[in-house]
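What follows draws every value from the coordinates through simple rules; no lab data is involved. This structure is a prediction, so every number in the text was calculated from the model and none was measured. We place every Cβ from the backbone using ideal geometry, glycine too, and count neighbours over all the protein chains shown.
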Amino acid sequence: MKQALVILLIAMLACRSGEKKAEEKPAKAEAKVTVKPVTLSARGEALNRVRIIVGEEPITEMDIEQMKKNMLRMGKPIRNLQEDAVNELIRRAIVENEARNESIIVSETRIENEVNRAKDNAGVRDEARFKAMVEQDSGMPYSLWVDSLKYDLMKQQLIQIKISVPQPSSEELKRYYAQNAGRAGMEVRYREIVLQPQNGTLEEEARISQLARQIAERSRGSVQAFADLARSTPDNVSPAKMYGGQLDYASLSEVAANDRITAGVLSNLGVGQVSSPYRDTRGRYVLLMLEDRRPVAFDKIEDRIRQRMFFEKAEQAFEEWVVKQRKETAITRLD
């Protein structure tokens with residue numbers, strides 16, 4: 001009996017000894033991995049090391065690497081990627097320093113308002129669709145576009161406060177128009193006959209379609225014939241019917257705003273030509289005769305030219321201001 005108790009006690013002690021050994025193993029495993037956080041921290045410090053100080057604004061290694069990626073995404077012309085990225089960051093730091101001095105703040109609300117305005121101008125309210133459109137048009141991720149928008153808003157405020165931009169003179173406006181008339185767009189004067197089916201039956205559709213083909217055959221090559229048919233055709237619902245279908249000069253962009261199909265047909269017509277019958281965006285049968293095509297008149301785009309020239313002058317003045325500020329700003333490289 002005593003021998004059995006001794007054997008049992010020895011077995012229990014062996015089990016406890018095994019449990020202690022099992023408990024000691026995790027402690028040894030933890031000791032093996034304690035070096036990893038030190039390695040990651042050292043790497044992070046290297047990536048975030050300050051390389052340049054512009055006034056009070058630091059530029060880190062991480063900033064430079066991110067700017068290099070951004071410039072490649074934006075498709076900007078690049079001579080030397082490293083130097084170009086550094087110069088762009090110095091430029092932005094100068095703007096941010098001056099904005100801070102002038103208490104210029106571009107709030108999140110201001111950015112949101114500008115984004116909503118861009119949506120309205122594009123005629124898009126769906127968030128996902130707008131982001132996709134921005135990325136396609138700008139060639140950059142949406143988040144990068146928003147960052148660029150913030151910088152542009154800051155720059156605009158600086159231009160208003162710090163830079164004097166002269167308004168272009170009348171002579172400059174007219175000279176700009178003469179040099180760029182071909183890029184100003186075209187405007188057209190044309191006649192139209194618009195035939196509206198009275199109901200949705202196949203018979204009525206066939207009647208109107210046949211009538212449109214007959215008018216096209218009878219009016220080709222003759223302005224007078226087209227004008228007479230425009231006035232005398234009972235099914236013609238054009239507002240210009242009493243004027244022989246003639247509409248005053250309008251730019252192709254203005255025509256497209258009302259009906260993009262009509263603008264497309266006019267852009268492919270030669271002066272004096274009559275179009276084949278086509279269906280416009282409202283489903284009506286339309287025939288057109290192009291009477292004249294010319295560059296958009298100066299008085300119609302004078303304000304647009306003024307805005308364009310002012311923008312160009314402001315950009316030039318801003319570039320000169322940045323060059324001057326860079327010479328006067330303490331820039332320390334910590335390479």
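Observations on the model:
- In the chain, Cα pairs under 8 Å separated by at least six residues give a relative contact order of 20 percent.
- Whole-Hz ³J(HN,Hα) from phi, Karplus 6.51 cos²θ - 1.76 cosθ + 1.60, for the stretch 251-264, glycine and proline x: 6, 4, 5, 5, 4, 4, 5, 8, 7, 5, 5, 4, 4, x
- For the residue pairs 131/324; 76/119; 68/327, the alpha carbons lie more than 31 Å apart in 131/324.
- Computed E for residue 327/residue 210 - FRET, C-beta separation, R0 56 angstrom, nearest 0.05: 0.15
- Residues whose amide H lies under 5 Å from that of residue 246, counting only those 5 or more places away or on a different chain, are 192; hydrogens are built 1.01 Å from N in the peptide plane.
- Tail weight of P(r) past 17 Å, computed on alpha-carbon pairs of the stretch 185-295, percent: 50 percent
- Theoretical ellipticity at 222 nm over the chain - DSSP helices of four or more residues, -39500 (n - 2.57) apiece, nearest 500: -21000 deg cm²/dmol
- Dmax and Rg, reported as Rg then Dmax, of the stretch 227-285 (C-alpha, Å): 11.8, 30
- Note, ³J(HN,Hα) from phi for the stretch 125-134, Karplus 6.51, -1.76, 1.60, rounded to Hz, x at Gly and Pro: 10, 5, 4, 5, 5, 5, 4, 5, 5, 4
- Taking amide hydrogens as placed 1.01 Å from N in the peptide plane, the amide H of residue 102 sits under 5 Å from that of no residue at least 5 positions away in sequence or on another chain.
- The stretch 299-335 and the stretch 203-262 have their alpha-carbon centroids 50 Å apart.
- Stokes-Einstein translational diffusion, the chain - Kirkwood Rh over all Cα pairs, 0.692 mPa s, 37 °C, in µm²/s: 119 µm²/s
- Near residue 186, the amide H atoms lying under 5 Å from its own belong to 252, 296; only residues 5 or more places off or on other chains count, and H is placed 1.01 Å from N.
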